[in-house]
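See structure below.
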Amino acid sequence: MNIFSIENVTKTYSGHTALNNVSIDIPESKVFGLLGPNGAGKTTLIRIINQITAPDSGTVLFKGQPLKATDVERIGYLPEERGLYKKMKVGEQAIYLAQLKGLTKSDATKRLKYWFNKFEIMPWWHRKVEELSKGMQQKVQFIVTILHEPELLIFDEPFSGFDPINANMLKNEILELKNKGATVIFSTHNMTSVEEVCDNIALINNSEKILEGSVTDVRNRYKGHIYECKYTGSFQYVLESLSGFEIVEHSEHEANNYIKVSLPESINSNSLIEKIIKNGELISFNEFVPNMNEIFIKAVTGENK
Amino acid sequence: MNKTFTIISREYTTRVRKKSFLIMCIIGPLLFAGMMIVPTYMAQMEDTEMKIIAVADSSHLFYGAFPETEYLKFEYLPNADLNKYKNEFHNSRYYALLFISHVVVSSPNAVHMYSNKSPGLGVRMHIANTIEKKLESDKLKTFGITQETLNAVKTNITVRSVKLSESGDEKESNFTLAMIVGYVVGFLIYFTLFFSGTQVMRGVIEEKSNRIIEVIISSVKPFQLLMGKILGVGMVALTQFAIWIVLTIGISAIVSPMFMPDVENLNETVRIQDFMDTGSSIATQQVDTDLINRELTGMLLSLHNIDFAVIILSFIFFFLGGYFLYGSLFAAVGSAVDGDTDTQQFMLPVTLPLIFAIFVMINTVQNPESALTYWCSIIPFTSPIVMMARIPFGVPYSQIFLSAMLLIITFIIFTWLASKVYRTGILMYGKKPSWKEMYKWIKYKN
């Protein structure tokens, strides 16, 4: 079941096309990674989901229904460029922002107290925002984003400005929200965190979607029959015995030689192992699956060529 | 709608709780009350230092001629060497040494006052007037004209203007009073439009530059935010007015009896004031006092004839109308720029009509029936200021109505246009937009 379906959406700004016929399905209760280089159109897409802008053409469905104004209360959005009123008190401001999402004042206060205690920022309730460190402000913003318990959460670069401890805490909170049934759209340039957190991804480049699917699928799609192995023994003999294969990478260490080989589709990986064990002792052998970072670079540069 | 209310209440409470608001609340009425009280108080404040002026009169015309007051005395010196008096002056108890040369009748430079201080204007005028009057009456005598004849020749005229309304009612109007009221109201509206408009602009720039804007417009429509802000700031201004009016009346009521003259001793005060101003002799003072009395009574009479209900109602209307118009324009300017420093280029077209209006307003209070005034009180960009300055002089309701209608239509159109610029502008960062781009923003569908 898809919580959000974007179908054939196009959006142009005075001569510049921000999104060109983009269709993306966001499955429910999953973490969805929205990836792409700067200026690819991610922010425009997020703004369309948030009804900050409307598409020129195409349909946007929220749980199978066309998006309507009250849906903003079912969505939580943490923008990349986020700020707070500097002169306002922390608690008061959080209540205000929660009220704008449709919570009542007493409800908002009750929930805020829970989260402020959990994130250990309760002593700052009556302080002005400008007195808070950047990390603390980020915590406040995160709390405000999730406070109204939205079904769909959008985080744009949520970890920027957090130290590793807090970033980890945040990551666990996001996964916890997913477990409770929320859907998360996660936009970031940090590919390691994509692998850790996301179930599915879509990659946007030059206003078009160029890649979509689950993280495992996408990585398998890009693996291309390459194997890595470590072995001891004569580096030279092994290399010579593999002369028929395409060797992607190799390096010589005393007791730990490394070789990365690209096999033609017709050849089984066993025949590669056979050749190696004749000349040396195999320490490890595995199929090389590219990480998201490599896939990102490959997809985007390949596209741009 | 509920959310717009939440926004209004935030905009309102954060501003009302600011120290600057409290300070303005207190300073405002003090300033207004001060403007009314201080001149009267100053006029009453007598110069209590005893001044004795030595008169060395070589024309022998002025012995005992200078009228004395409680703190200003004259001593007539036997005619001796002026240089001797001058040399002794520093050791004497005299405030000044007045020397009248024997050519005083024919030469304007025949009177000198020597002092180690600079004698005040009041003292100098007192002396000059006395000498002039004395010489005048002496000369009249030589022509055979008596003071009585002279008094009989003088006629005092005050023009009391009575406005004939179409229904035939006669209303006494007082130009000076209408002028003062018109001027104060016009200026108040100008100042508040400017102040509140800038507040709206600052608010927009603040939200844009600290990047909270994107969070907020993912919860509410930009138009709701814009309206909430404009209404919130507008209510702050109205609250300020209300506090000012109450406090001004309060302060005046408490303080006035202590400083302001009662009608009974009005004579007394006016005489003192008159003395300080012109130093004219007692005889003519009496006449002036009567005149001023009549003028004051006239003013008080026509005070009842100025329709304060109309003024207050139209003030609130024209303030709100003008404020919606200019407030939304200021908001559009704020949305187009990244920071306070970039506002100049776009501020000018917005503030120009306001500044023009204030010049017309100054003309209006002097000449309320001019064509310029008429048109500027109808045209919506200047009407809030100019119409308000005109109203104390009496304006036909049909004209007020026409002006009001035009203002409503204009602010609806301009708020709509401004909201379009605003909606796009708040999400644009970096490059300062050109006029052409802003025009494109207006045309964007969404």
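The values are calculated or read from the model by the stated rules, or taken from the named source; none is laboratory data. Predicted model, so just to flag it, every value in this text is computed and none were measured. Virtual Cβ from ideal backbone geometry, glycine too; neighbours counted across all protein chains shown. Just the protein is used for accessible areas: all its heavy atoms, side chains included, with ligands, DNA and RNA removed. Shrake-Rupley method; radii C 1.70, N 1.55, O 1.52, S 1.80 Å.
May I ask you to say which residue of B:I400, B:I385, B:I412 is among the hydrophobic types (A, V, I, L, M, F, W, C) and surrounded by 23 or more Cβ atoms within 10 Å (Cβ to Cβ)?
Values: B:I400 fails: surrounded by 23 or more Cβ atoms within 10 Å (Cβ to Cβ); B:I412 fails: surrounded by 23 or more Cβ atoms within 10 Å (Cβ to Cβ).
The unique qualifying residue is B:I385.
Checking the conditions here, which among A:T44, A:T53 is under 15 Å from A:I75 (Cβ atoms), surrounded by 15 or more Cβ atoms within 10 Å (Cβ to Cβ), touching a Lys or Arg at 6+ places or on another chain (Cβ under 6 Å) and within 12 Å of chain B (Cβ to nearest Cβ)?
Exactly one residue qualifies, and that residue is A:T53.
When residues in the stretch A:1-37 are screened for being without any contact (Cβ under 8 Å) to a residue 12 or more places away in the chain and either crowded, with 22+ Cβ neighbours inside 10 Å or assigned to a loop (DSSP other than H, G, I, E, B) (or both), 2 of them pass.
The helices (runs of 4 or more DSSP H) found entirely in the stretch B:1-93 that carry 1 or more residues being at pLDDT 85 or above, exposed (fewer than 13 other Cβ atoms within 10 Å of the Cβ) and more than 14 Å from chain A (Cβ to nearest Cβ) are B:19-44.
For the stretch B:206-225, a tally of residues being open to solvent by 10 Å² or more (accessible area, probe 1.4 Å) and aliphatic (A, V, I, L, M) returns 1.
Looking at A:G224, A:G213 in this structure, which one is at pLDDT 85 or above, among the small types (G, A, S) and surrounded by fewer than 17 Cβ atoms within 10 Å (Cβ to Cβ)?
On the way: A:G224 fails: at pLDDT 85 or above.
None of the other options fit; the residue is A:G213.
Annotation: B:L313 fulfils all but one of (1) modelled with pLDDT of 80 or more; (2) within 28 Å of B:R423 (Cα to Cα); the unmet one is (2). Total residues in the stretch B:220-239 satisfying the condition of being in contact with an Asp or Glu (Cβ under 6 Å, 6 or more places away or on another chain) and among the charged types (D, E, K, R): the figure is 1.
Return yes or no: is A:Y85 in contact with an Asp or Glu (Cβ under 8 Å, 6 or more places away or on another chain) and within 7 Å of another protein chain (Cβ to nearest Cβ)? It would help to see each step written out before you state the result.
Numbers: in contact with an Asp or Glu (Cβ under 8 Å, 6 or more places away or on another chain): yes; within 7 Å of another protein chain (Cβ to nearest Cβ): yes.
Spelling it out, A:Y85 is indeed in contact with an Asp or Glu (Cβ under 8 Å, 6 or more places away or on another chain) and within 7 Å of another protein chain (Cβ to nearest Cβ).
Tell me yes or no: at least one residue of the stretch B:301-309 is surrounded by 14 or more Cβ atoms within 10 Å (Cβ to Cβ) and at pLDDT 85 or above. No: zero hits.
Let's see how each residue does on (1) under 30 Å from B:I391 (Cα atoms); (2) at pLDDT 70 or above; (3) surrounded by 14 or more Cβ atoms within 10 Å (Cβ to Cβ):
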site: B:D138; (1), (2), (3): no, yes, no
site: B:L150; (1), (2), (3): no, yes, no
site: B:D169; (1), (2), (3): yes, no, no
site: B:N174; (1), (2), (3): yes, no, yes
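Annotation note: of B:A332, B:A336, B:A404, the sole residue that is at pLDDT 90 or above and within 23 Å of B:I216 (Cβ to Cβ) is B:A332.
Would you check if A:L78 is in contact (Cβ under 8 Å) with a residue 40 or more places away in the chain, at negative phi and within 11 Å of chain B (Cβ to nearest Cβ)? Outline the logic, then answer.
Numbers: in contact (Cβ under 8 Å) with a residue 40 or more places away in the chain: yes; at negative phi: yes; within 11 Å of chain B (Cβ to nearest Cβ): yes.
Criteria met by A:L78.
Checked against the criterion of being at pLDDT below 95, within 15 Å of A:P150 (Cα to Cα), open to solvent by less than 20 Å² (accessible area, probe 1.4 Å) and in a helix (DSSP H, G or I), the stretch A:59-75 has at least one qualifying residue. Only helices (runs of 4 or more DSSP H) whose full extent lies in the stretch A:210-289 are considered here, and the ones with at least 3 residues that are more than 30 Å from A:F32 (Cβ to Cβ) and not β-branched (V, I, T) are A:235-241, A:269-279.
Give the residues of the stretch A:233-286 that are polar (S, T, N, Q) and exposed (fewer than 15 other Cβ atoms within 10 Å of the Cβ), sorted by residue number. Residues satisfying the conditions are A:S234, A:Q236, A:S243, A:S251, A:N256, A:S262, A:S266, A:N268, A:N270, A:S271, A:S284, A:N286.
Out of all the residues in the stretch B:105-115, is one or more of a type in the set (F, W, Y), in the same structural domain as B:A65 (by TED's automatic domain parsing) and open to solvent by 60 Å² or more (accessible area, probe 1.4 Å)? Scanning the stretch B:105-115, I find at least one residue that is of a type in the set (F, W, Y), in the same structural domain as B:A65 (by TED's automatic domain parsing) and open to solvent by 60 Å² or more (accessible area, probe 1.4 Å), so the answer is yes.
Could you please find all residues in the stretch A:140-195 being out of contact with any Lys or Arg (no Cβ under 8 Å at 6 or more places or on another chain) and assigned to a loop (DSSP other than H, G, I, E, B)? Answer for the stretch A:140-195, where residues must be out of contact with any Lys or Arg (no Cβ under 8 Å at 6 or more places or on another chain) and assigned to a loop (DSSP other than H, G, I, E, B): A:E149, A:E157, A:P158, A:S160, A:F162, A:D163, A:K180, A:G181, A:A182, A:T188, A:H189, A:N190.
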